[in-house]
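The values are calculated or read from the model by the stated rules, or taken from the named source; none is laboratory data. Everything numeric here is computed off the predicted structure, so don't read it as measured data. Cβ coordinates were reconstructed from backbone atoms using ideal geometry, including for glycine residues, and neighbour counts include every protein chain displayed. For the accessible areas, the whole protein counts, side chains as well, though only heavy atoms, and no ligand, DNA or RNA atoms are used. Shrake-Rupley method; radii C 1.70, N 1.55, O 1.52, S 1.80 Å.
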Amino acid sequence: MTGEFRFTFGPWNIHEGADPFGPPVRKSRAFSEKLTIYKELGFDGVQFHDDDAVPEMNDLSPEQIIAQAGQMRETLDDHGLVAEFVAPRLWEDPRTIDGAYTSNDPECRHYALERSKRAIDIANALGTDLIVLWLAREGTYLREAKDSRVAVERLVEAINAMLEYDPQVRFAIEPKPNEPMDQAYIPTTGHAIALGFLTVAPERIGVNIESAHVVLAGLDPSDEMGFALAHGKLWSVHLNDQNGLKFDQDRSFGAVDLRRAFNQVRILDRYGYGRSGEWVGLDVKALRTQKDDVATRHLSNSRTVFLKLLEISRSLDDEKLEAMIGERDYEALDLYIVQSLLGE
Ligand code: 3MF
Ligand code: MG
């Protein structure tokens, strides 16, 4: 079968456990301390928000930002780590309360674009050509407040400006149907890829598929991955899990639906995901109940489950599978998969 997989996560995946109803329950860890944990947990790459790499970047000049990002690159080198991507964090500033690229206020849209250009500078300094766009507040709480056609045009305008700002950089759009907004304008993989085709450089627009986001859209993550793979657009993944249609849980990979996780691993492996340098990214949260000394288990556990499912997928008897499919005996196929997952 195919090759090895390399894993990444973002520093926000080691966190203090606050939720909308309660305060932090674990101590903060400095970013430098988090970096020392990556290798121990079996991870070789780091996903960044722009201000993970350059804190307080809104107070710095573009030159200062590039210099600080350069220092971060050296720190990564020292740890034997590399940057997978940089994502502009466009959902915390007061100017992005009503959206970033789709805000109704032109000054706010201007801020979002300038901030995104700085994120591209940071990516260059960190040595990655990939920007992830999670379009957090690009949606509505009420239909009448924004115009959905204009919103798409504004997204295209912003992405075009970024494509023109840097002729090399690639963008992986991370779709999500809701949260924090009631409805998002780019809720699924199909929307993200179609948006790319409206831009001046569709060949530089792909997707980052997050399992939980797909489940929230009522779809199957492995099918969304297949759709992106058929377009040559699966440039990153955020593997995790999600129990039904509620808030974005970011559960450990495979913790809720093992078979759903299995099928994601299977399609990634089948089509050589990773061969062109793609990483297996996680976007998982530790349960709030988890104590300090064991608050990184969700990361190592997710990786362990991925590798175990990979082993199971590769051990399946292809001839047996083909025979069952040929006979259209999907009941037999069903049992074979379930028994394999049960280790029988
Ligand atoms: C939200 C997310 C985000 C993005 C991250 C990188 C905080 O549901 O999934 O995680 O993945 O901002 O784009
Ligand atoms: Mg994510």
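Residue check, Asn160 against (1) assigned to a helix (DSSP H, G or I); (2) surrounded by 21 or more Cβ atoms within 10 Å (Cβ to Cβ), all met but one. Which one?
(2)
Of Val280, Val265, which residue is away from ligand 2 (no atom under 16 Å from the Cβ) and out of contact with any Asp or Glu (no Cβ under 9 Å at 6 or more places or on another chain)?
On the way: Val280 fails: away from ligand 2 (no atom under 16 Å from the Cβ).
After ruling out the rest, the residue left standing is Val265.
Being more than 16 Å from the chain's Cα centre (by Cα), more than 19 Å from Pro167 (Cβ to Cβ) and open to solvent by 10 Å² or more (accessible area, probe 1.4 Å) narrows it down to one of Arg95, Arg89, Arg118, so name that one.
After applying the criteria, what remains is Arg95.
Condition check ((1) more than 17 Å from Ala184 (Cβ to Cβ); (2) more than 16 Å from ligand 2 (Cβ to nearest atom)) across all residues:
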{"site": "Met72", "(1), (2)": "yes, yes"}
{"site": "Glu84", "(1), (2)": "yes, no"}
{"site": "Trp91", "(1), (2)": "no, no"}
{"site": "Asp105", "(1), (2)": "yes, yes"}
{"site": "Arg118", "(1), (2)": "yes, yes"}
{"site": "Gly127", "(1), (2)": "yes, yes"}
{"site": "Ser148", "(1), (2)": "no, yes"}
{"site": "Leu155", "(1), (2)": "no, yes"}
{"site": "Ile159", "(1), (2)": "no, yes"}
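Can you say whether Gln183 is more than 16 Å from ligand 2 (Cβ to nearest atom), free of Cβ contacts under 8 Å to residues at least 60 places away in the same chain, open to solvent by 10 Å² or more (accessible area, probe 1.4 Å) and closer than 17 Å to Ser148 by Cα, as far as the supplied structure shows?
Spelling it out, Gln183 is indeed more than 16 Å from ligand 2 (Cβ to nearest atom), free of Cβ contacts under 8 Å to residues at least 60 places away in the same chain, open to solvent by 10 Å² or more (accessible area, probe 1.4 Å) and closer than 17 Å to Ser148 by Cα.
Kindly list the number of the only condition in (1) surrounded by fewer than 16 Cβ atoms within 10 Å (Cβ to Cβ); (2) within 16 Å of ligand 2 (Cβ to nearest atom) that fails for Glu138.
All conditions are met except number (1).
Might you let me know whether the range 286-294 holds any residue that is buried (at least 18 other Cβ atoms within 10 Å of the Cβ) and outside any helix (DSSP H, G or I)?
Checked against the condition, which is being buried (at least 18 other Cβ atoms within 10 Å of the Cβ) and outside any helix (DSSP H, G or I), the range 286-294 yields at least one hit.
Identify all residues within the range 13-60 that are in a helix (DSSP H, G or I) and open to solvent by 50 Å² or more (accessible area, probe 1.4 Å); write none if there are none. Please lay out each step first, then the result.
Narrowing the range 13-60 to residues in a helix (DSSP H, G or I): 13, 31-41, 50-53, 57-59.
Passing the criteria: Ser32, Glu33, Thr36, Lys39, Glu40, Asn58, Asp59.
Could you please find all residues in the range 61-100 being touching a Ser or Thr at 6+ places or on another chain (Cβ under 8 Å), part of a helix (DSSP H, G or I) and within 28 Å of Val207 (Cβ to Cβ)?
Arg95, Thr96 - these are the residues of the range 61-100 that are touching a Ser or Thr at 6+ places or on another chain (Cβ under 8 Å), part of a helix (DSSP H, G or I) and within 28 Å of Val207 (Cβ to Cβ).
Does Ile65 meet the test of being touching a Pro at 6+ places or on another chain (Cβ under 9 Å), more than 16 Å from ligand 2 (Cβ to nearest atom), open to solvent by less than 60 Å² (accessible area, probe 1.4 Å) and not hydroxyl-bearing (Ser, Thr, Tyr)? Lay out the reasoning, then the answer.
Details: touching a Pro at 6+ places or on another chain (Cβ under 9 Å): no; more than 16 Å from ligand 2 (Cβ to nearest atom): yes; open to solvent by less than 60 Å² (accessible area, probe 1.4 Å): yes; not hydroxyl-bearing (Ser, Thr, Tyr): yes.
In short, no.
Take the residues of the range 213-263 that are open to solvent by 20 Å² or more (accessible area, probe 1.4 Å) and among the basic types (Lys, Arg): which is nearest to the chain's Cα centre (by Cα)?
Arg251
Collect the residues in the range 135-168 that are of a type outside the set (D, E, K, R), touching a residue at least 24 places away in the same chain (Cβ under 8 Å) and within 23 Å of Ala123 (Cα to Cα), keeping them in residue-number order.
Leu135, Ala136, Leu155, Val156, Ala158, Ile159, Asn160, Ala161, Met162, Leu163, Tyr165, Gln168
Restricting attention to the range 216-243, and to residues there that are out of contact with any strand residue (DSSP E or B) (no Cβ under 8 Å at 6 or more places or on another chain) and within 16 Å of ligand 1 (Cβ to nearest atom), which single residue is nearest to Pro20 (Cα to Cα)?
Among them, the one singled out is Leu216.
Working only within the range 106-134, note down all residues that are free of Cβ contacts under 8 Å to residues at least 40 places away in the same chain and either outside any helix (DSSP H, G or I) or not hydroxyl-bearing (Ser, Thr, Tyr) (or both).
Pro106, Glu107, Cys108, His110, Glu114
Considering only the range 192-199, I want to know if a residue exists there that is buried (at least 21 other Cβ atoms within 10 Å of the Cβ), farther than 18 Å from Gly232 by Cβ, within 16 Å of ligand 2 (Cβ to nearest atom) and under 20 Å from the mean Cα position of the chain (by Cα).
Among the residues of the range 192-199, not one is buried (at least 21 other Cβ atoms within 10 Å of the Cβ), farther than 18 Å from Gly232 by Cβ, within 16 Å of ligand 2 (Cβ to nearest atom) and under 20 Å from the mean Cα position of the chain (by Cα), which makes the answer no.
Exactly one of these conditions fails for Ser302: (1) open to solvent by less than 10 Å² (accessible area, probe 1.4 Å); (2) within 16 Å of the chain's Cα centre (by Cα); (3) free of Cβ contacts under 8 Å to residues at least 60 places away in the same chain. Give me its number.
(3)
Which residue is nearest to the chain's Cα centre (by Cα), if the candidates are limited to the range 163-175 and must be open to solvent by 20 Å² or more (accessible area, probe 1.4 Å) and more than 11 Å from Ser116 (Cα to Cα)?
It comes out as Arg170.
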